[in-house]
Every structure is written in C-alpha cells, then in structure tokens.
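Below: the structure, in structure tokens.
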Amino acid sequence: MTSSAGSSSFSCGSRCALLLAITLAWPVAVAAQNCLTGDDLDSGPRNALEQTAQSFVRMSAAGDYASLKAAAIPSLAASFGGVEAAVTEHKPDFSGAQASPSAMYVLENATKATLERAEFYCGIFNSQDRVFFVIPNLSAGRFAVVTEDVSGGRQPVRLSLVLQQQGNRWALAGYTVKPTQVAGHDLNWYLSQVRQYKSRGQNMAAYLYCLEAWYLSQPVEIEYTVQQDKLADEMQQARPTDFPSPNQPMILTAGGKTYRVTQLFPDGVGNDLDLIVKYRATSDISNTAAAFQDNMAVIKAIVARYPELRAAFAGVVARAVDPSGRDYGSLLAMKDVK
C-alpha cells in the first residue's frame with residue numbers, strides 16, 4: 001500500500017489535488033474489494049483494532065517515535081519523516097487528552113494482485129452515512145481505517161490511522177492528524193460562510209472557503225462522504241473562471257509588471273485565516289528587497305481584483321517562487337492593504 005502521513009499544517013497539496021477529481025462517483029461494489037464497518041465486526045476483531053489505535057495515541061502523546069516506527073509497515077518506516085513531523089506538531093494535542101473511536105472500517109483486497117485503483121463502498125446504499133474509499137496501488141490483503149476523536153489537549157483533533165493486517169497484529173500503514181477547527185471555526189461555520197458569499201455573488205471568497213470546508217470534512221484523503229459529494233457540487237458552482245493553476249495561471253498587472261499567479265489557498269494560523277498567493281518570481285528572490293516589493297504589488301493587486309477578500313481573510317501571504325521551487329514570502333495584514 002502507498003503510505004502517507006499528514007498533519008494540520010499543509011501546503012496546497014491535498015486541497016489543490018481535489019480540484020483534479022472534485023466530483024465523486026459512487027461505484028457499484030466489487031466482490032474482490034470488500035468493506036466492513038465497525039458495526040459489522042464481531043467484538044473480538046473490533047476490540048483488537050480499538051486497542052491498537054489507542055496504543056498509537058499513547059505513543060503519540062509520549063512522542064515515542066521509535067515505537068511508532070517499529071510498528072509500521074516497511075514502506076512507511078523507510079520514509080517516516082512525515083509521521084515524525086505530525087507527532088511533533090500535535091504532541092500538545094495528545095498530551096493529557098482522551099481519545100474515542102468515531103469511525104472504523106475494514107477493507108479487503110481479496111485478489112492476489114496489487115490494484116492500481118482500489119475502490120471500496122462502505123455502508124448501506126442511499127444512507128447518508130455511507131463512505132467511499134479510493135486507494136491507489138493497494139496490495140492484496142486486509143486493511144483498516146480507524147479515526148479517533150482526541151480532545152482535552154491543546155485543541156481537539158482527529159487522528160486517522162491506516163492499518164495493515166500482518167499475521168495476528170495490525171501494523172501502521174498511514175497516519176494523519178487534522179484539527180476539527182481552523183482559525184477558531186468548524187466545518188458548519190465554513191459551510192454557512194460559503195453560502196453567504198455565494199448569495200452575494202462573491203464566488204472567489206466562496207470557493208476559497210469551500211477549500212477549507214473540504215479540508216475539515218475529510219479525515220483522511222482516501223475517504224469520501226455524502227457530505228463531500230454535496231460540497232463538490234457547491235464548489236463546481238462557485239469556482240471562478242479565472243481561478244489559477246500551474247498550467248493556467250491568473251494574470252495580474254501592477255506597476256507596469258505582469259505577475260502569473262499559480263496557486264491560491266487559505267491557511268489557518270492561530271485564530272487568523274490568511275490567504276496564500278503563490279506566483280512565478282519575476283526577480284531573483286535572493287534580492288529580497290526586490291522580491292518584497294513584488295510581493296506587496298501582488299497582494300494589493302489580488303485584493304483590488306477581489307475586494308471581498310478583505311472581509312474573508314486576516315492577511316495575505318504572497319510567495320514568489322523561482323524555477324527551482326525556492327520561494328520568498330511576505331505577509332501583509334489585510335488592514336494594511338491600501
């Protein structure tokens with residue numbers, strides 16, 4: 001299985017990746033790809049999974065990277081930096097906290113081969129609680145996805161564990177931590193704001209808030225829900241025609257210069273929600289004075305084009321990115337954008 005690890009701080013990666021496949025298609029169940037929910041399991045297997053998940057929560061609270069790595073499948077252990085970073089960042093969220101399972105699924109690839117795209121339909125057809133998993137390059141065998149709600153630490157978070165059955169034990173195959181709130185607000189608040197912005201025709205703010213809502217709605221990137229299916233429809237309706245991508249940048253002009261914006265996405269820092277603007281550097285970013293001036297010009301130009309952003313974000317971070325991928329960033333509080 002291709003393993004992954006994540007945390008509450010992330011680049012545009014997962015948010016922008018959803019733009020490539022935003023509409024969910026619920027498949028017909030395939031006999032060789034089986035899914036059981038926690039309620040389908042006998043008490044013994046269910047308890048074993050829960051005890052395994054709780055042990056990983058305790059290791060996380062203790063910052064016990066060595067034990068987590070020893071419990072991981074080889075491919076994850078060989079590239080363990082993402083898990084270590086997530087544990088380090090969220091150790092205060094686990095310390096002194098209580099964890100309880102909010103979801104549990106057992107997925108089985110009953111073929112004898114690796115599936116390029118494994119699809120699992122879990123739950124009762126037409127139920128609002130049904131879940132869909134899409135996992136690339138899934139090897140044969142039994143897997144589980146267990147999500148734990150963790151509260152009582154610095155902030156409430158969800159820990160989603162992907163586990164692979166190896167003999168009589170469950171090994172760690174994926175580790176993702178996400179907050180239940182961003183900038184002090186939960187999923188329902190962001191959904192409410194999306195609808196308010198849409199009602200005023202402010203589609204850029206609506207779409208950016210949709211990205212935040214999507215992030216909060218998805219415990220782990222391989223999992224999709226009915227709620228996300230509905231949110232995907234809203235995102236399609238709100239998406240501005242000039243929303244940028246690396247292949248189709250947004251063109252901004254300011255001070256006689258042309259800037260090509262390749263990414264826009266929200267980012268929560270404490271209780272503030274900032275807008276991140278990435279664009280192709282027009283100057284050598286080692287010349288920080290020139291790069292700073294370009295950043296300020298880009299910030300003012302994007303806010304001038306979309307005045308609705310003033311109320312939607314506490315500040316804007318412009319990041320000039322050179323051809324090697326290095327960048328230089330500057331933050332300007334929204335109240336100082338003139």
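Points to keep in mind about this one:
- Out of ARG200, ARG117, ARG158, one residue alone is among the basic types (Lys, Arg) and under 28 Å from ALA99 (Cα atoms). It is ARG158.
- Hits in the range 307-331 - residues which are within 25 Å of the chain's Cα centre (by Cα), within 26 Å of LYS198 (Cα to Cα) and not small (Gly, Ala, Ser): GLU308, LEU309, ARG310, PHE313, VAL316, VAL317
- All conditions in (1) modelled with pLDDT of 95 or more; (2) exposed (fewer than 15 other Cβ atoms within 10 Å of the Cβ) hold for LEU275, with the sole exception of (2).
- Of all the numbered requirements in (1) buried (at least 17 other Cβ atoms within 10 Å of the Cβ); (2) modelled with pLDDT under 95; (3) within 20 Å of MET204 (Cα to Cα), ASP242 misses one, and that requirement is (1).
- Failed item in (1) loosely packed, with under 14 Cβ neighbours inside 10 Å; (2) in contact (Cβ under 8 Å) with a residue 60 or more places away in the chain, with LYS178 passing the rest: (1)
- Number of residues in the range 233-290 that are over 15 Å from LEU211 (Cβ atoms), part of a loop (DSSP other than H, G, I, E, B) and in contact (Cβ under 8 Å) with a residue 12 or more places away in the chain equals 10.
- Considering residues of the range 114-140 that are in contact with an Asp or Glu (Cβ under 7 Å, 6 or more places away or on another chain) and among the β-branched types (Val, Ile, Thr) only, the residue surrounded by the most Cβ atoms within 10 Å (Cβ to Cβ): VAL131
- For the range 103-141, residues that are outside any strand (DSSP E or B) and either modelled with pLDDT of 90 or more or under 19 Å from LEU163 (Cβ atoms) (or both) total 5.
- Among (1) surrounded by fewer than 17 Cβ atoms within 10 Å (Cβ to Cβ); (2) modelled with pLDDT of 95 or more; (3) of a type in the set (A, V, I, L, M, F, W, C); (4) more than 22 Å from GLY153 (Cβ to Cβ), the one test that ALA66 misses: (4)
- Residue in the range 155-183 that is nearest to ALA140 (Cα to Cα), counting only those that are of a type in the set (Val, Ile, Thr) and in a strand (DSSP E or B): VAL162
The values are calculated or read from the model by the stated rules, or taken from the named source; none is laboratory data. Values in this document were obtained by computation on a predicted structure and should not be read as measured data. Positions of Cβ are backbone-derived with ideal geometry, glycine not excepted, and every protein chain shown enters the neighbour counts.
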